[in-house]
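Let me begin by presenting the structure, written as structure tokens, before commenting on it.
The values are calculated or read from the model by the stated rules, or taken from the named source; none is laboratory data. Since we're looking at a predicted model, the values are computed, not measured. Cβ: placed from backbone, ideal geometry, glycine included. Neighbour counts: every protein chain shown. Just so you know, the surface numbers come from the protein's heavy atoms only, side chains and all, with ligands and any DNA or RNA stripped out. Shrake-Rupley method; radii C 1.70, N 1.55, O 1.52, S 1.80 Å.
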Amino acid sequence: MDTETQLVEENPRKGGLRTMPFIIVNESFERVASYGLQANLIIYLMTYYNMTAAAGTSILGIRTALSNGLAIVGAIISDSYCGRFKAVAIGSISTLIGMIILWLTAMIPQLKSLPCPQFQHVCNGTTAFQLAVLFSSFGFMSVGAGFIRPCSIIFGVDQLEKKGKPENKRLVDSYFNWYYASIGVSTILAVTTVVYIQERYGWKVGLGIPVILMFLSVSMFLIGSPWYIKVKAKESLLIGLLQAVVAAFRKRNTRLPLTDCDDYYRWPLESEVLTPSNDFRCLNRACMIEDPQRDLNPDGSASNPWNLSSLEQVESLKAIVRVLPMWSTGFMIYVTMNQFSFSVLQAKTMDRHIIPQFELPAASFSVFLIIALTIWITFYDRVLVPLLSKYTGRPRGLSPVTRMGIGLLVSCTSMALSAITESIRQQKAIEEGHEDDPHALVNMSAMWLVPQYLLLGVAEAAHAVGQIEFFYSLFPKSMSSIASAMYTIGTAVSSLVGSILVSGVDWLTSTGGKTSWLSSNINKGHLEYYFWLLAFLSLLNFFYFVMVCRLYETGNDGRSSRLSHVAEDQECDYTLI
């Protein structure tokens with residue numbers, strides 16, 4: 001903050017609202033380009049790289065996991081080394097390079113294999129060079145997302161937060177509203193307009209449009225460079241937490257005192273934490289001063305931060321450990337949401353006409369999820385909160401944990417409905433003689449798929465917002481970025497788990513020469529069994545969630561909760577589930 005204030009005072013004409021168009025347009029174009037590619041990419045992989053539905057879905061899941069996982073790396077590099085401006089610039093350029101490479105695979109025939117004829121059982125294999133080019137494009141885009149996503153929104157806040165001007169808080173609130181509104185509009189445009197162009201004009205044009213949009217995104221961001229406030233890099237909180245882990249491990253054989261003492265390192269001296277908490281006492285070794293002459297510099301700082309952490313860093317690490325069980329309950333809901341590739345294959349075989357003159361692209365049905373998510377958040381915030389707050393006595397209506405539980409149950413219901421719909425669709429396909437033709441249209445409206453998308457949208461809105469609020473309620477303000485980071489890591493883990501699950505089910509159900517549940521010919525496979533499996537796992541996850549809530553309730557005896565910043569009206573009522 002001191003560095004930031006100094007920069008603002010030295011450059012009073014920098015920052016402010018004039019920089020917002022450059023930042024929001026950069027993020028919006030990047031989202032349209034990225035989501036426009038992601039929504040329909042399974043069809044491209046199956047058509048031009050001869051991948052099975054299961055293999056393509058697994059690869060896209062790994063790509064998503066990599067993009068979300070690298071967001072943590074991007075945040076650390078931004079905070080500790082290059083600053084947010086350079087991070088967003090590097091990320092934008094990297095994403096542009098990745099999109100150009102992917103577009104070249106559509107433009108140059110040698111970079112992809114020939115599509116298989118409809119009834120050909122043996123296809124020409126994809127070469128190692130072709131896969132290397134494809135995966136390099138995914139790699140560049142994942143690195144780009146890893147730098148852009150954690151830094152772009154905070155870079156906008158840097159332009160508006162100025163010390164001594166409290167009225168700027170209203171500008172920051174307004175900026176957040178415009179930022180998230182632009183993301184919503186961008187996502188809708190991506191899964192409708194860009195996907196429609198891909199299906200209507202082919203992949204050469206369909207992959208070229210995101211390249212143009214991303215080029216405009218990079219250009220707009222760099223044009224605004226002279227007017228940006230560029231906060232210098234400083235020590236990353238994530239690095240501090242990692243140092244506490246390393247220090248505790250290095251001193252794992254050090255004997256802990258039985259009572260509180262003054263031999264704990266406190267830096268800065270104004271730390272509000274007076275004594276270490278009693279839970280996870282093994283971590284207290286990280287902040288124990290064994291030899292003041294060796295461990296401390298003359299100015300009181302730690303001579304080796306990888307061997308001695310501050311008490312505040314240790315307590316922050318404990319705060320993260322405390323929420324890990326609840327954090328793990330959210331993996332399954334995003335596993336169910338990462339199965340869009342199979343829903344796209346379903347929609348491809350169904351009647352997708354909204355009106356006789358217009359057919360909605362198969363990959364565009366995810367727009368109903370976004371619509372449901374937006375409507376639910378608005379309805380809950382504007383209608384349900386005022387009503388529920390009168391009965392629960394809570395400013396936000398229901399506790400974050402209750403909303404998380406609702407999201408998990410709705411997600412389970414969505415998977416059960418998906419299984420029932422697929423059973424009906426497959427039965428119709430067999431009755432109409434399309435069992436051997438996965439490209440034949442079944443006499444069934446694709447609108448049957450809309451309810452499952454709507455339920456998933458409500459599930460994500462209820463669970464994601466509740467989870468983030470839960471993290472924010474238990475973390476000190478200095479760790480607010482960690483709350484967002486944990487959400488991002490959670491989606492990355494879910495994508496990886498989803499990929500492993502798809503590969504495992506495909507391998508297990510195809511042993512002995514049997515047709516896989518996840519066969520590319522969904523008329524012969526049993527996609528409905530896979531959806532029932534997800535519904536069952538989601539139900540088991542809900543019971544695990546209830547057990548975790550009981551664990552928190554019985555463990556909340558005051559000994560494990562030493563975070564004085566938790567406001568009474570923010571504490572989660574675990575008995576409301």
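Tally up the carbon and sulfur contribution to the accessible surface of the range 364-415 as a whole percent, 1.4 Å probe, everything protein left in place.
Percent of accessible area from carbon and sulfur atoms in the range 364-415: 73.
For I354 and I420, calculate 0.36 nm times their separation in residues minus their Cα-Cα distance, and state this gained length in nm to one decimal.
21.5 nm
Working out 0.36 nm times the residue gap between Q110 and T515, then minus their Cα-Cα distance, what length gain in nm do you get to one decimal?
Net length gain for the segment: 142.6 nm.
Hey, if we sort T329, T275 by accessible area with the 1.4 Å probe, largest down, what's the order?
Sorted descending by solvent-accessible area, the residues read T275, T329.
Among 385-396, 449-460, 144-155, 316-327, how do they line up from the highest to the lowest mean number of other beta-carbon atoms within 10 Å?
Ranking, from highest mean packing down: 144-155, 449-460, 316-327, 385-396.
Given a 1.4 Å probe and heavy atoms of the protein chains only, how would you sort H526, H439, H463, largest accessible area at the top?
Accessible-area ranking of H526, H439, H463, largest first: H439, H526, H463.
At a Förster radius of 60 Å, what calculated FRET efficiency corresponds to the Cβ-Cβ distance of S301 and L131, to the nearest 0.05?
Efficiency for this residue pair is about 0.75.
Please list I43, I90 from largest to smallest accessible area, probe radius 1.4 Å, with all protein chains kept in place.
Result of the area sort, largest leading: I90, I43.
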